[in-house]
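No value in this document is a laboratory result; all are computed from the given coordinates. Just so it is clear, the structure is predicted and the values come from calculations on it, not from any experiment. As a convention, Cβ positions derive from the backbone with ideal geometry for all residues, glycine included, and neighbour counts pool all protein chains shown.
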Amino acid sequence: MARAYLSLGSNLGDRLAHLRSAIRILEERGIVTVRASHVYETAPVGPVQQGAFLNAVVEVETTLPPVGLLAFAAAVEKALGRERQQRWGPRTLDIDLLLYEDRQVDLPFLQIPHPCMHERRFVLLPLTELEPEIQIPGVGKARDCLAALDEAEQPATKCEPLLHSGA
Ligand code: GSY
């Protein structure tokens, strides 16, 4: 089994339910959730004005290779009603593949580590909550990247755990 980290985000409809449904669908298809972070409410990052996101990170184990995991994540987004209309726009569910073992992948449709993860507080906060010492291959320690970012520019509030304890 390979270990990977996924970033989940939602800013449409019942945001928390979408994040939790994503985990359920992942599990139904054999992707094991090892740990899940708290949920963070975060200001939208990017050029589009839109509502606040709920974000979280999950650590998973999978037999899928990186490209298979990416395809599966896209299928889960679709199952939860996401339609790819506006780039950077609001979405019921977004799943980004952040890390896969300590691998680096550079394909036209898939880069691992995720190429923007080191500049996103909505990714680094939940990721370092799970794994404070985690390294981003080719970049450095996630917590150093987090320390370099301006909290006021990317505000985030820690909310409840994504999974109920014992789940
Ligand atoms: O790339 C993920 C979708 N997304 C997000 C997000 O998940 N959280 C926040 N805070 N801003 C975002 N902008 C985009 S696009």
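A Gaussian network model of the chain, with springs between Cα atoms under 10 Å, assigns the largest mean-square fluctuation among Asp94, Asp102, Asp150 to Asp150.
Taking other Cβ atoms within 10 Å as a rough exposure proxy, Ile95, Ile23 sort from fewest to most as Ile23, Ile95.
May I ask which residue of Gln135, Ala43, Ile25 lies farthest towards the positive end of the charge dipole of the chain, with charges of +1 (Lys, Arg) and -1 (Asp, Glu) on Cβ and the Cα centre as origin? Towards the positive end, the residue furthest out is Ile25.
Look at Ile112, Ile25 and count the other Cβ atoms within 10 Å of each Cβ; fewest to most, that gives Ile25, Ile112.
Summing Lys and Arg as +1 and Asp and Glu as -1 over all other residues whose Cβ lies under 15 Å from the Cβ of Ile136 gives a net charge of -3.
For the chain, a simple Cβ point-charge model (Lys and Arg +1, Asp and Glu -1, everything else neutral) yields a dipole of about 420 debye relative to the Cα centre. When Leu149, Leu69, Leu124 are arranged by Cβ crowding within 10 Å, least crowded first, meaning fewest neighbours, the order is Leu149, Leu69, Leu124.
Within the listed set Ala147, Ala22, Ala73, the residue fluctuating most in the Gaussian network model of the chain (springs between alpha-carbon atoms under 10 angstrom) is Ala147.
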